[in-house]
Amino acid sequence: MEEQYGGLDKRLRRRRLLIFLVLLAVVVVITVAVVLGVTLRPRTNEVKATFLERCQKFKDYNCEKIWDAFRQAYVGRDSCNVPVGAYDALFLEAPFVPSCNRVMLWSKTKDVVHAFTAKRDCYVTLEDTMLGSVLDGLTWCGKEGSNETFTTDCPGWTECENNPVRSFWNQASAGFANAACGDVTVLLNGSIPKPVDPMSIFASIEVNRLHYNRVKKLKVVLVMQENPVANCKSDSLVALEAKLDPGMEYNCKEVPEAQIEECGSDPEKPCGSCW
Ligand code: JS2
């Protein structure tokens, strides 16, 4: 008799364990589905809201029209098949305004540059222009068969050449450099062995577009922190000077980062005295 109950008890325990495992599996599947649904869901509204909010800070732009010109570059496309030319309509809708003696380029110095231009309006970086501003820090892509904008599951910068973010910044940097005239300033990083990295946007795209018929001088500010590893005589800087159009003036100054920060914070000081 006892064995019979013991067997019944065992079957009962086994059945309860089975029900528990099935319920646990259902909970796990639902949780994974919800997490994937949230992370991979389209974010059109979020990206569009940020885009329009930032765009509206600039006068005389039809922001809705610019958003439409922007999205048509990548929506519905394989996000490794968005070449720089996909953004042509966008840059026609919002071309860069020529800027003389105010263009500031940078490479591996984004934080110090934007901390400076946030306080002083004597220079303009790409990210201070309308198009550079609306997309600064954002990630976006489309998917074949979808009309939406995604911000997750997009290709990284090096994953494929023709991804939406990389093609935008490459095309924007080219357009911004083409609109430069007079003196151009570039802030480079003295804490790295090669302040002019040939693979960088500055070296591979922007420098090639500084032509003597518009740009008369390139001023390099080599930002020096504690224990710098480069100086104005470093190979990559000598090579930079050699690359410039004949006739274009060049100078390079090694400037402590603290001096740039301090000068940027003092509105009494003319920008030109900061280096
Ligand atoms: C801005 C982004 C993002 O002269 C500068 C700027 O004009 C920039 O557009 O290109 C130059 C800097 O690029 P570079 O020389 O490759 O230096 P880096 O420090 O390695 O570049 C950081 C990334 C520049 C392109 N870029 N620019 N805002 O949100 C942004 N995302 C990327 N990838």
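The values are calculated or read from the model by the stated rules, or taken from the named source; none is laboratory data. The model shown is predicted, which means the values in this text are computed figures rather than measured ones. Reconstructed Cβ throughout: ideal geometry from the backbone, glycine too, with neighbour counts over all protein chains shown. Calculation scope for accessible area: heavy atoms of the full protein, side chains included, ligands and nucleic acids excluded. Shrake-Rupley method; radii C 1.70, N 1.55, O 1.52, S 1.80 Å.
At-a-glance table
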item: Candidate set from the range 199-223 (those that are within 11 Å of the ligand (Cβ to nearest atom) and of a type in the set (S, T, N, Q)); member that is least open to solvent (accessible area, probe 1.4 Å); result: 200
item: Odd one out for residue 230 among (1) buried (at least 20 other Cβ atoms within 10 Å of the Cβ); (2) under 30 Å from residue 134 (Cβ atoms); result: (2)
item: Condition check for residue 46: open to solvent by 80 Å² or more (accessible area, probe 1.4 Å), under 20 Å from the mean Cα position of the chain (by Cα) and at pLDDT below 95; result: yes
item: Subset tally (residues that are more than 12 Å from the ligand (Cβ to nearest atom), assigned to a loop (DSSP other than H, G, I, E, B) and crowded, with 19+ Cβ neighbours inside 10 Å) for the range 127-153; result: 3
item: Search result, residues across the range 184-198 that are among the aliphatic types (A, V, I, L, M) and either open to solvent by 10 Å² or more (accessible area, probe 1.4 Å) or away from the ligand (no atom under 11 Å from the Cβ) (or both); result: 192, 196
item: Number of positions in the range 233-256 that are part of a helix (DSSP H, G or I) and open to solvent by 10 Å² or more (accessible area, probe 1.4 Å); result: 7
item: Enumeration of residues in the range 93-126 that are assigned to a helix (DSSP H, G or I) and aliphatic (A, V, I, L, M); result: 112, 113, 115, 118, 126
item: Filtered residue count, the range 99-111, keeping only those that are more than 16 Å from the ligand (Cβ to nearest atom) and either among the basic types (Lys, Arg) or within 29 Å of residue 72 (Cα to Cα) (or both); result: 0
item: Top-ranked residue in the range 156-183 [being closer than 11 Å to residue 74 by Cβ and open to solvent by 10 Å² or more (accessible area, probe 1.4 Å); ranked as nearest to the ligand (Cβ to nearest atom)]; result: 165
item: Candidates 68, 78, 60 - the one that is away from the ligand (no atom under 16 Å from the Cβ) and either in a helix (DSSP H, G or I) or of a type in the set (Phe, Trp, Tyr) (or both); result: 68
item: Residue under evaluation residue 174, criteria (1) touching a strand residue (DSSP E or B) at 6+ places or on another chain (Cβ under 9 Å); (2) within 13 Å of residue 105 (Cα to Cα); (3) of a type in the set (Gly, Ala, Ser), criterion not met; result: (1)
